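No lab work stands behind these numbers, since they all come straight from the coordinates. Here the structure is a predicted model, which means the values were calculated and not measured. Cβ sites come from the backbone with ideal geometry, for glycine too, and all protein chains shown count toward neighbours.
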Amino acid sequence: MVKETFKGNNPIRAIIIRYLEHLFTNLNDDEMNNLKTLLRGVFLTSGALVTTGGVRVYIATAASELIYNTVLRNAIAHKLIRGGGNIAMAFVGGYGIIEMASQAKERLRYSNPTLYYDLVLMNLEMGYFIVEPNISKWLYMIGSEKKSVDEVYRAINGLIYN
């Protein structure tokens, strides 16, 4: 499994990896090679270098790094727009973050139980709210019986260039 490669890394990246694992579920080796070819230009901007492992690990490593950077960029931009505050606002903001995490967790539970229960098993369900703005548009891809390589490519590309 791809997630074994990423043990010890941060939770945001672990959530992204788990999503990508589900995205690759019904793709065979030829389809994964086609996907790698399609994503080659996208991955030129990635600093991830994978020398061992299969195509799934290669794609998951490079894509997760790029998606992770997109998520961080969006989160930092959002924080800068909102600005800072005093201690009282920080306390209220802390409660607000817990509330946002709880609401995002519930939305995921109803919209995609498969990913939700995987994140629960990894104790990451409350962190989903960080990646929700990026991943929520592409949740329908998980659980669909058969996905084309082009659909998976569009999903990964959409996640990176959100």
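Data for the structure
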| quantity | calculated |
| --- | --- |
| Cross-link pairs K36/K137; K36/K146; K105/K137 - those with Cα-Cα distance over 20 Å | K36/K137 |
| Relative packing of 59-71, 14-26, 115-127, 98-110, which averages over residues the other C-beta atoms within 10 Å, highest first | 59-71, 14-26, 115-127, 98-110 |
| In order through the stretch 110-123: 3J(HN,Hα) via Karplus (6.51 cos²θ - 1.76 cosθ + 1.60), integer Hz, x for Gly, Pro | 7, 7, 8, x, 4, 5, 4, 5, 5, 5, 4, 4, 9, 6 |
| Separation of the S148 and R107 label points, Cα + 7 Å toward Cβ, nm | 2.9 nm |
